[in-house]
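Below is one structure; the comments refer to it alone.
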């Protein structure tokens, strides 16, 4: 079973995830992390591999588009999250990773749009919010 | 869930309906109080039926300790009442586009829907289901008494419904406050608000209202003076299977490191940052702490997913011999305490906040360093504990000084004798000792 963890928040994925990753691996899963920030050394040790979120451009265009949308009352769209979702699904390296995954996990809230969009194109994969949810569903 | 519940129509057992959203395998705040209360009533000869949330809520969302289920008295019957918690849904395929793309808008709409039936976000919709379950239970076997433990506050509604329709007395176990913000000491919901009106109605109809400490009782007695005689303190206390074997730090060779331990949920309101700074300061400036190690055990935040801010703090502290060791099962609590020489009690602010942890800590007889926000109610409880080493304030120097004093206490030649003395002091806070008078009084109420 291939599990892809996606962390797109401003904090680096840290030691708090170690036990969860170990539990998934005990259950036979191959666990890969895609993150905006590099993971902590201890976490890196227990992962099968870790990839950075592919770099992207067009920040000005994203901000302008989001600003236009956010003129609607009570809508607050985060341009960075949507851009990250786009990059995750369209970069060749991460797209191949997602295609081969049976479980996609949004480790933090910032990753929810990216995983949600990825899951819509991959109906075979489970899509979960939070590492503990993955551990609960696929215990080691 | 547990063994069969034996009902004998000829038996005089009074029937308690106990409403507690968080019940094993939940690991949420108050679960030990709920477990102890149900077991204490069952132990006193009551037929106990518990209304609680489904196991999956705890397994998938809040984090669970399945070992706790083994501690439920086999005579207690547990009824799981369906509970949906969209805000904590973990299956992203259940998310709609609005929730993904405009989460704040979705949350606002969801909150409005939640509070249609009962003014409590997240839990309000449970009202209809638990009231229906309570009525069904009463039809199956008449209920003599309802005890509802909060929070969530919606737990009060079945008792009020059975009282209104069938004259069943009820008790509100106000484990947490609702209209009072326990950390700030200010009103959280204004008088006249929906929450305040529900609270007033619940209190007015209750046979008893329980609080976890005197300051909470006093505040509510001031708010509802005409009901003060029905208000009682039932402290959280500690389980009867403690006190625990503790290791004798006085017997450690001088070079061997002391272990300072914290066991409990670390939430954003506890002074964790201050603890880390104080620990770092102590390692640099206090020879008593130079070789010591610290271990933090417990969840990071209220939910199973670690709270990122707290996770970042514990990650940073790894370089000063402070290790985050993750959650501990209830069945492993004794072994965890047995590895500590000094306990560190971290609590957020508030004259009204005690936490159950303080009692468990005292039951070990170990030196306790308290790192408390000013005016915390736990200080009142700890005041007589002979091995209490309070940090005078939250500065690094004050925390380090308290830790150094506790280290001296742990290594002192009188340590075993002081441990026995401290355990003796703590025995008044056992849960069964706290609950016994109330159970006796309620027995007299329903079986005069």
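Bear in mind that the values in this text are calculations on the coordinates, not laboratory data. Being a predicted model, the structure only gives us computed values, none of them experimental. Every residue, glycine among them, receives a Cβ derived from its backbone with ideal geometry; neighbour counts consider all protein chains shown.
Data table
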quantity: With Cα atoms, 0 to 90° folded angle of helix B:396-411 axis to chain B main axis; calculated: 80
quantity: Sequence-separation-based contact order of the range B:75-205, relative, with Cα cut under 8 Å and 6+ spacing, percent; calculated: 16
quantity: Alpha-carbon centroids, the range B:254-296 and the range B:48-99: separation in whole Å; calculated: 35
quantity: Spatial separation of Cα centroids for the range B:303-370 and the range A:109-126, in angstrom; calculated: 36
quantity: The range B:307-444: relative contact order in percent, alpha carbon pairs under 8 Å with at least 6 residues between; calculated: 20
quantity: Using alpha-carbon coordinates, inclination of helix B:126-140 to the longest axis of chain B, degrees; calculated: 60
quantity: Average other protein chain Cβ within 10 Å of Cβ, residues B:182-192; calculated: 0
quantity: DSSP-defined beta bridges in the range B:139-250 - what % are antiparallel, rounded to 5; calculated: 10
quantity: Whether the protein assembly as shown is rounded, prolate or oblate, judged on the alpha carbon gyration tensor where a/c under 1.5 counts as rounded; calculated: oblate
quantity: Relative contact order (%) - chain B, alpha-carbon pairs under 8 angstrom, separation at least six; calculated: 14
quantity: Degrees separating the helix B:415-426 axis from the principal Cα axis of chain B, which is the longest one; calculated: 20
quantity: C-alpha center-to-center spacing [the range B:417-448, the range B:163-230] in angstrom; calculated: 23
quantity: Antiparallel DSSP beta bridges within the protein assembly as shown, as percent of all bridges there, nearest 5; calculated: 5
